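Trainee: Structure in structure tokens, see below.
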Amino acid sequence: MDPSRLYSVRMRASENESHENGGKHISGGELLSTYSDLRISVNTLLEKALNHSRGKPDFLQIQCEIVNQPIKIVNPLTVHTNEVTTVEEGHELVRNLLEKTGVPKAIIEKAYQQIPEYSVRGAILIDIHTGERVDQRLDKGVRVSKMDWQTRNFKKWATSKAVPYNPRLKEALILATKVCNHKSTIAELCWSDDPDYITGYVASKNIGYQRITQLKHYGNESGCRIFFVDTLSDLHTYISYLEEQPILVQWEEDHDT
Ligand code: PML
Ligand code: MG
Ligand code: MG
Ligand code: MG
């Protein structure tokens, strides 16, 4: 990849009108591409939008934009898969892991009480001291963007760690790695809004990317993505890191801890 000419390629798809007109979110996707790979890259995201378990989109947008800022290279978070036998056991583990990252118990419970109220496309930001949502982005939330992981390096990493070449894991791990790389992020909690995918995760710089095999029941289309943040002196700078700072995840064996 020639890092001097990378394009950010973004896709979003919805049903019953566009997202801003109240349509149902179907799919979103992000990648970084060279100019010569743009056709393939656009096609990858087009395929993702057209074959989706949440439905067939009637609004679909793919946008390509040159990246002008310098790209930061980041080592992937370490991955661990926790097998659980019930959704309840899954959420018990979420609570334990979040506490380990430094989110107080009371704030975890407050966040859980708020989850059913959210129907947000992106992520919501919760302050770990007050338990209040601080992003002010309503139903849009914050969309983490401008990030990727070159296929060859991802495959090398996956083989070495005996992790499956799961594109979903890859996308989520890229996002979690970017989010947890910022010092104001204490932890991320996520599970998919896709009815056919029930594995989710808790991630932080210290505990890594902890997959949990059941965080909802099949058929459920409610997802969750929360970033627990330490008091942000500058919300604008934090959100602009998430949306604008280009990140390439790259596994360097010697930097692996
Ligand atoms: C999503 O599908 O939007 C999130 C998937 C999170 C879990 C991915 C994994 O580690 O399997
Ligand atoms: Mg998505
Ligand atoms: Mg790629
Ligand atoms: Mg989804």
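The values are calculated or read from the model by the stated rules, or taken from the named source; none is laboratory data. The model shown is predicted, which means the values in this text are computed figures rather than measured ones. For neighbour counting, all protein chains shown are included, and Cβ atoms are generated from backbone atoms with ideal geometry for every residue, glycine included. Surface areas here come from the heavy atoms of the whole protein model, side chains and all, with no ligands, DNA or RNA. Shrake-Rupley method; radii C 1.70, N 1.55, O 1.52, S 1.80 Å.
Trainee: Yes or no: Glu17 acidic (Asp, Glu), modelled with pLDDT under 95 and either within 16 Å of ligand 4 (Cβ to nearest atom) or over 25 Å from Ala158 (Cβ atoms) (or both)?
Mentor: The answer is yes for Glu17.
Trainee: Further question on the same structure: Just to verify a result, which residue in segment 222-257, among those that are within 21 Å of Glu88 (Cα to Cα) and open to solvent by less than 50 Å² (accessible area, probe 1.4 Å), is nearest to ligand 1 (Cβ to nearest atom)? Give the derivation first.
Mentor: Here is the first cut: in segment 222-257, the ones within 21 Å of Glu88 (Cα to Cα) are 222-226.
Still in the running and open to solvent by less than 50 Å² (accessible area, probe 1.4 Å): 223-224, 226.
Details: Gly223: 6, Cys224: 9, Ile226: 13 Å.
Selected residue: Gly223.
Trainee: Still on this structure, please answer the following. Go through segment 6-32 and count every residue that is crowded, with 20+ Cβ neighbours inside 10 Å and without any contact (Cβ under 8 Å) to a residue 40 or more places away in the chain.
Mentor: Final tally of qualifying residues: 2.
Trainee: Tally time: how many residues in segment 219-257 are in contact with a Pro (Cβ under 9 Å, 6 or more places away or on another chain) and more than 30 Å from Arg5 (Cβ to Cβ)?
Mentor: Final tally of qualifying residues: 4.
Trainee: Tell me which residues, restricted to segment 129-145, are open to solvent by less than 60 Å² (accessible area, probe 1.4 Å) and away from ligand 2 (no atom under 16 Å from the Cβ). Spell out the reasoning first.
Mentor: Quick first cut of segment 129-145, residues open to solvent by less than 60 Å² (accessible area, probe 1.4 Å) only: 131, 134-135, 141-142, 144-145.
Of everything in segment 129-145, those that are open to solvent by less than 60 Å² (accessible area, probe 1.4 Å) and away from ligand 2 (no atom under 16 Å from the Cβ) turn out to be Gly131, Val134, Asp135.
Trainee: Moving to a separate point now. I'd like the residue in segment 94-125 that is among the β-branched types (Val, Ile, Thr) and not in a helix (DSSP H, G or I) and, out of all such residues, is modelled with the highest pLDDT. Step through it out loud before you land on a result.
Mentor: Filtering segment 94-125 for residues among the β-branched types (Val, Ile, Thr) gives 94, 101, 103, 107-108, 115, 120, 124.
Then drop every residue that is not not in a helix (DSSP H, G or I), which leaves 103, 120, 124.
Values: Val103: 98, Val120: 85, Ile124: 95.
Only one residue fits best here, namely Val103.
Trainee: Suppose we filter Thr101, Thr177 for residues that are closer than 27 Å to Ile62 by Cα, buried (at least 19 other Cβ atoms within 10 Å of the Cβ) and hydroxyl-bearing (Ser, Thr, Tyr); which single one remains?
Mentor: Thr177
Trainee: Of all residues in segment 33-49, which are without any contact (Cβ under 8 Å) to a residue 12 or more places away in the chain and under 26 Å from Asp139 (Cα atoms)?
Mentor: Residue satisfying the conditions is Glu47 alone.
Trainee: Which strands (runs of 3 or more DSSP E) sit wholly inside segment 22-93 and have at least 1 residues that are at pLDDT below 95 and either outside the structural domain of Asn153 (by TED's automatic domain parsing) or closer than 21 Å to Lys178 by Cβ (or both)?
Mentor: In segment 22-93, the matching strands (runs of 3 or more DSSP E) lie at 24-34.
Trainee: Which of the residues that make up segment 32-82 are of a type in the set (Lys, Arg) and more than 29 Å from Ile212 (Cβ to Cβ)?
Mentor: Pass one, segment 32-82, residues of a type in the set (Lys, Arg): 39, 48, 54, 56, 72.
Those that are of a type in the set (Lys, Arg) and more than 29 Å from Ile212 (Cβ to Cβ): Arg39, Lys56.
Trainee: Here's a follow-up. Report the residue count in segment 48-85 for those that are more than 20 Å from the chain's Cα centre (by Cα), closer than 27 Å to Thr199 by Cα and β-branched (Val, Ile, Thr).
Mentor: Total satisfying the criteria: 2.
Trainee: Going through segment 222-257 one residue at a time, which ones are in contact with a strand residue (DSSP E or B) (Cβ under 6 Å, 6 or more places away or on another chain), more than 26 Å from Ile107 (Cβ to Cβ) and not in a loop (DSSP other than H, G, I, E, B)?
Mentor: Ile247, Leu248, Val249, listed by residue number.
Trainee: Scan Glu65, Glu47, Glu83 and give me the residue that is within 16 Å of ligand 4 (Cβ to nearest atom) and surrounded by fewer than 14 Cβ atoms within 10 Å (Cβ to Cβ).
Mentor: Values: Glu65 fails: within 16 Å of ligand 4 (Cβ to nearest atom); Glu83 fails: within 16 Å of ligand 4 (Cβ to nearest atom).
So the residue among Glu65, Glu47, Glu83 that is within 16 Å of ligand 4 (Cβ to nearest atom) and surrounded by fewer than 14 Cβ atoms within 10 Å (Cβ to Cβ) is Glu47.
Trainee: Working only within segment 10-47, note down all residues that are within 18 Å of the chain's Cα centre (by Cα) and more than 15 Å from ligand 3 (Cβ to nearest atom).
Mentor: The answer is Arg12, Ala13, His25, Ile26, Ser27, Gly28.
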